[in-house]
Amino acid sequence: MRNIVLGLMFGDEGKGKVVDFLTDEKTTVIRFNGGTNAGHTVVTSRGKFKFHLLPSGALRASDIVLGNGMVIDPFALKEELEIYKEENSDLRIMISKAASVVTPVHIYIDKKQEELRGDLKIGTTSKGIGPCYEDKFSRNGIRIGDLLDQPTILNKLKLMTKMRKHLLEGSEFLNEETLKKISMDLNNVGKIIEPLMCNTELFLEKKKSEGNLLFEGGHGALLDIDFGVYPYVTSSNTMSGGAMTGSGFSLRKVNNIIGVTKSYISKVGEGPFPTEISGETADSIREAGGEYGTTTGRPRRIGWLDIPLLKYSIMLNDVDVLAMTMLDVIGKQKSILICESYREDYDSPVQAMIEKKKATPEYIEMASWGEINDSEIDEMILKGYYGLPQEMKDFISKVESLTGKEIGIISLGQRREKTIIREKWKSILK
Ligand code: GDP
Ligand code: IMO
Ligand code: MG
């Protein structure tokens, strides 16, 4: 099978958990966008693992690929590689020579730009993502393949700092000695990862007829640079099309697109959020779901599930099947709301948000299934879909009828095994 897993909202939908669940020892998992702004958590019997650059399938995949669409901080990569080598020692890792390199200059500029934006700030993760993509598209960027040549790194660092003199005023990055040191440090990491560098698009072409390919979206679809809630977006294409440009693998060869959504919404960073809630209910969902950023530790904003946004995202990504997470968390609320529509009836809810139009959610209230403890969840997992509480099945059916898509994967906890895959989807997705 050749499948794509994407988040359908503002990030942190549980993509990491779903990717890990769908990965086996015959799977190649591919990241195709973003960098250390991603934070994916996987929980197994061996503990909690946080992924920022490596795809979340790394714990049991045969191969992982860091595609050309990524922006990679080599120092962060070196650290992450050391952690996961111990967990899956047979893992083959391939890094595209065409992926972009995030340098300390980009991280500095990211923070500086946010400062200068003032009230217009985006709330970035400060990982240098935007400035690195700026350099990629202005064709001044350092690529992974360049890391083997220190003079090239230094020349490019000089170019990117010369072009941003005003932003770097007063910083160490206008000092040539600093740039020389950074270029040597980057070159040293380059030498370490040289055996992992390759033309990953050629590897994927060879792999397409053996084993499974699983593409892992780095961020939620509503953070897409083109179709997200601009400017409160990241700097890459997070939608399914990004899997193609970010890896070189054709979308026409992909079998299924799996869209992940929580049973509510969380968001970090600035920007409109029509179903956002505050106060006790938001606090209790945040605590029950551990809703604090994996990358930045920021408390996540919380809101009810938003069907207009979900349908837009399903359309944009051409989603075949949904995976829904956090059903254990939302059940702790006495009543659960779903935003069925907005009073204003927009054809593109995202464009309405960009134009700062009022979006007044019209809610339906669903009966809650109440708190479920660990052993009850284990029993439900054993019985499968039909063992779920009726109220949960009603909630699932409601979302299915409102979106026109089946929920094939149901997640009832952080741990890998707290997951139900519905019969029909077993052979298709695994
Ligand atoms: P990602 O960025 O989409 O991979 O999501 P994150 O890992 O940043 O955030 C999702 C959080 O929810 C992580 O801590 C997961 O371990 C956790 N999680 C995923 N699915 C479930 C679920 O069904 N129930 C609970 N309680 N936690 C979940
Ligand atoms: P995962 O992989 C949640 C958000 C940031 C900010 C905006 C731009 O965990 O789903 P950036 O640093 O990318 O320039 O920030 O995008 N953002 C995320 N929010 N989860 C993520 O990744 C995110 N990646 C970027 O909070 O609002
Ligand atoms: Mg995350």
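Could you tell me what percent of the accessible area of segment 100-194 is made up of carbon and sulfur, with a 1.4 Å probe and every protein chain present? Walk me through the intermediate numbers first.
Details: 2520 of 4830 Å².
Here it works out to 52 percent.
Accessible area per residue for the chain in Å², computed with a 1.4 Å probe and the full protein assembly in place, what is it?
Values: 18040 Å² over 430 residues.
Per residue, the chain has an accessible area of 42 Å².
In debye, nearest 20: dipole of the chain around its Cα centre with unit charges on the Cβ of K, R (+) and D, E (-)? Present the calculation step by step, with values, prior to reporting the outcome.
Numbers: 58 positive and 61 negative charges, 204 e Å.
So the dipole magnitude of the chain works out to roughly 980 debye.
Identify the residues of segment 407-428 with backbone N under 15 Å of a label point that sits 7 angstrom from the Cα of Lys383 along the Cα-to-Cβ direction, or state none.
420
Counting only C-alpha contacts under 8 Å and six or more residues apart, can you give the relative contact order of the chain as a whole percent?
Relative contact order here is 20 percent.
Positive end of the dipole of the chain, charges at C-beta (+1 Lys, Arg; -1 Asp, Glu), about the Cα centre: which of Tyr385, Leu168, Leu147 has its Cα farthest in that direction?
Selected residue: Leu147.
Given a cut-off of under 8 Å on Cα pairs at least six residues apart, what relative contact order in percent is computed for segment 100-194? Display every interim value, and only then the final one.
On the way: 99 pairs, mean separation 26.7, N = 95.
RCO, segment 100-194: 28 percent.
What is the sum of charges around Gly118, taking Lys and Arg as +1, Asp and Glu as -1, for the other residues whose C-beta is under 14 Å from the C-beta of Gly118? Walk me through the intermediate numbers first.
Values: positive: Lys111, Lys112, Arg117, Lys121; negative: Glu114, Glu115, Asp119, Glu270.
Here the count lands on 0.
What residue among Gly211, Gly297, Gly408 shows peak mean-square fluctuation when the chain is described by a Gaussian network model with Cα springs under 10 Å?
Maximum among the listed residues: Gly297.
Express in % the proportion of alpha carbon pairs of segment 100-194 at distances exceeding 19 Å.
Values: 1730 of 4465 pairs.
The answer is 39 percent, as a whole percent.
If you place +1 on the Cβ of every Lys and Arg, -1 on the Cβ of every Asp and Glu, and leave all else neutral, what size is the dipole of segment 42-168 about its Cα centre, to the nearest 20 Debye?
On the way: 21 positive and 16 negative charges, 75 e Å.
It comes to approximately 360 debye.
Short version: ³J(HN,Hα) in whole Hz for each residue of segment 94-106, in order, from phi by Karplus 6.51 cos²θ - 1.76 cosθ + 1.60 (θ = phi - 60°), x for Gly and Pro, what are they?
So the J values, rounded to whole Hz, are 10, 10, 5, 5, 8, 5, 8, 9, 8, 10, x, 5, 5.
To the nearest 10 degrees, how steeply does helix 307-317 sit against the main Cα axis of the chain, on a 0 to 90 scale?
The helix 307-317 is inclined about 50 degrees to the chain.
Relative to the compact globular guide of 2.2 N^0.38 Å, what is the alpha carbon radius of gyration of the chain, as a ratio?
Details: Rg = 21.5 Å, N = 430, 2.2 N^0.38 = 22.0 Å.
Normalised by 2.2 N^0.38 Å, the Cα Rg of the chain equals 0.98.
Length gain on complete extension for the stretch Arg139 to His166, per 0.36 nm per residue less the alpha carbon to alpha carbon distance? Could the numbers behind the result be given before it?
On the way: separation 27, 0.36 × 27 = 9.72 nm, distance 1.99 nm.
Length difference between fully extended and current span is 7.7 nm.
For the pairs Lys127/Lys262; Lys398/Lys430; Lys97/Lys156; Lys48/Lys398; Lys127/Lys162, flag any whose C-alpha to C-alpha distance is greater than 28 Å. Intermediate values should be presented prior to the final figure.
Values: Lys127/Lys262 25 Å; Lys398/Lys430 25 Å; Lys97/Lys156 16 Å; Lys48/Lys398 33 Å; Lys127/Lys162 21 Å.
Over 28 Å Cα-Cα: Lys48/Lys398.
Which residue, Arg415, Arg92, Arg46, has the most motion in a Gaussian network model of the chain that connects Cα atoms within less than 10 Å?
Arg46
Counting helices only, and only those DSSP H runs with n ≥ 4, report the 222 nm mean residue ellipticity of the chain as the sum of -39,500 (n - 2.57) divided by its residues, in deg cm²/dmol to the nearest 500.
Values: 16 runs with 157 residues, N = 430.
One gets -10500 deg cm²/dmol as the mean residue ellipticity at 222 nm.
Among Ser138, Ile257, Thr281, which residue has its Cα furthest toward the positive end of the charge dipole of the chain, with +1 on Lys/Arg Cβ and -1 on Asp/Glu Cβ?
Of the listed residues, the answer is Ser138.
For segment 384-427 and segment 57-114, compute the distance between their C-alpha centroids and round to whole Å.
For segment 384-427 versus segment 57-114, the Cα centre distance is 33 Å.
Rounded to the nearest 20 debye, what is the charge dipole size of segment 94-238 about its Cα centre when +1 sits on each Lys and Arg Cβ and -1 on each Asp and Glu Cβ?
Numbers: 20 positive and 20 negative charges, 56 e Å.
Charge dipole of segment 94-238: 260 debye, to the nearest 20.
Using a cut-off of 14 Å between beta-carbons, work out the net charge of the residues near Ser313 (Lys and Arg +1, Asp and Glu -1, Ser313 not included). Walk me through the intermediate numbers first.
Working: positive: Lys15, Lys262, Lys267, Lys311, Lys405; negative: Glu13, Asp224, Asp226, Asp306, Asp318, Asp320.
My count for the surroundings of Ser313 gives -1.
The values are calculated or read from the model by the stated rules, or taken from the named source; none is laboratory data. It should be emphasised that the depicted structure is a prediction, and the values quoted were computed from it without experimental measurement. FYI the Cβ positions are ideal-geometry reconstructions off the backbone, even for glycines, and counts take in every protein chain you see. To get the accessible areas, we keep the full protein, side chains included, count just its heavy atoms, and leave off ligands, DNA and RNA. Shrake-Rupley method; radii C 1.70, N 1.55, O 1.52, S 1.80 Å.
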